[in-house]
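Novice: Have a look at this one before I ask anything.
What follows draws every value from the coordinates through simple rules; no lab data is involved. The structure presented is a predicted model; accordingly, all values stated were derived computationally and were not measured.
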Amino acid sequence: MQLAGLAADLEAEGRADTRLAQNWETVQVWTEGSRYLRTNKVKAERLYYAIADKKGGVLPWIKARW
């Protein structure tokens with residue numbers, strides 16, 4: 001977010017939209033190495049939802065700024 005110049009926008013919108021803030025908290029702990037680790041279904045679904053949620057999801061938020 002820093003390199004893309006979106007950190008301030010994310011912080012401001014996260015304060016206004018708790019759903020976005022919660023989803024960002026879930027997504028930001030993921031690392032490239034995480035994809036090789038086994039996890040349970042609940043955690044996997046939580047990560048997917050945090051990314052793809054149409055209202056408050058991280059990916060739609062990022063796409064709106066491309």
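Novice: Compute the helix-to-body angle for 41-52: its Cα long axis versus the longest principal axis of the chain, expressed 0 to 90° and rounded to tens.
Specialist: Between helix and principal axis, roughly 20 degrees.
Novice: Residue by residue through the stretch 53-66, which ³J(HN,Hα) values in whole Hz follow from phi under the Karplus form 6.51 cos²θ - 1.76 cosθ + 1.60 (θ = phi - 60°), with glycine and proline marked x?
Specialist: So the J values, rounded to whole Hz, are 3, 5, 10, x, x, 5, 5, x, 4, 5, 4, 5, 10, 6.
Novice: Projected area of the stretch 7-63, taken from the Cα convex hull and averaged over every viewing direction, in nm²?
Specialist: Taking the Cα atoms of the stretch 7-63, their convex hull projects to 4.1 nm² on average.
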